[in-house]
Amino acid sequence: FVLVGMLESYGEGASQPDGYVHYMRGGKPGFYPEIKGKGGPGGHFLLNLWDPFGFTTKRTAEQKERGLKCEILNGRAAMLGIMGMLSASTVPGSVPFLSGIEGFPQYAGNVMVPFSNDFTLTSMA
């Protein structure tokens, strides 16, 4: 948790790298400042967290825009898939494609338990 807290603090602009503007102050959402070479004398971080090997540095703006659109569409498809799986497990026959698969596992628990006020990790055991 300490590492995640440190990265979150860095991403929120605690160190204010040159040219970095937080997204709540008009910066670009999803932009993460470079971390390579930072972290004190000698630079503790050898690679950036986003694109550590520089695969996307030579992409054009159109290619980056297409990649972003593909990523958004893939995320939406994944959300629909998860909701379909939960629906099929909760209400048998609600997703005809999945109900036709023999041996499709059915979830017997309450899928809304993480959103209840009595949810704890110890109650799941």
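The values are calculated or read from the model by the stated rules, or taken from the named source; none is laboratory data. Computed from a predicted model, the values in this text were never measured in an experiment. Virtual Cβ from ideal backbone geometry, glycine too; neighbours counted across all protein chains shown. The area values use the complete protein model at the heavy-atom level, side chains included, leaving out ligands, DNA and RNA. Shrake-Rupley method; radii C 1.70, N 1.55, O 1.52, S 1.80 Å.
Here are the numbers for the structure shown:
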| item | result |
| --- | --- |
| Matching entry among PRO114, PRO92 (being exposed (fewer than 10 other Cβ atoms within 10 Å of the Cβ) and more than 30 Å from GLU34 (Cβ to Cβ)) | PRO114 |
| The listed residue being more than 22 Å from the chain's Cα centre (by Cα), not in a loop (DSSP other than H, G, I, E, B) and not polar (S, T, N, Q), out of LEU98, LEU80 | LEU98 |
| Test: residue in region 12-23 that is under 18 Å from the mean Cα position of the chain (by Cα), surrounded by 11 or more Cβ atoms within 10 Å (Cβ to Cβ) and modelled with pLDDT of 70 or more | yes |
| Condition check for PHE104: touching a helix residue (DSSP H, G or I) at 6+ places or on another chain (Cβ under 7 Å), assigned to a loop (DSSP other than H, G, I, E, B) and modelled with pLDDT of 75 or more | yes |
| Residue within region 56-63 that is open to solvent by 70 Å² or more (accessible area, probe 1.4 Å), of a type in the set (Val, Ile, Thr), more than 30 Å from PHE104 (Cα to Cα) and modelled with pLDDT of 80 or more present | yes |
| Odd one out for ARG66, checked against (1) surrounded by 10 or more Cβ atoms within 10 Å (Cβ to Cβ); (2) under 25 Å from VAL4 (Cβ atoms); (3) of a type outside the set (Gly, Ala, Ser); (4) modelled with pLDDT of 75 or more | (2) |
| Candidates SER9, SER87 - the one that is modelled with pLDDT of 75 or more, out of contact with any His (no Cβ under 6 Å at 6 or more places or on another chain) and hydroxyl-bearing (Ser, Thr, Tyr) | SER87 |
| Filter result (over 11 Å from MET85 (Cβ atoms) and surrounded by fewer than 10 Cβ atoms within 10 Å (Cβ to Cβ)) within region 100-111 | GLY100, GLU102, GLY103, ALA108, GLY109 |
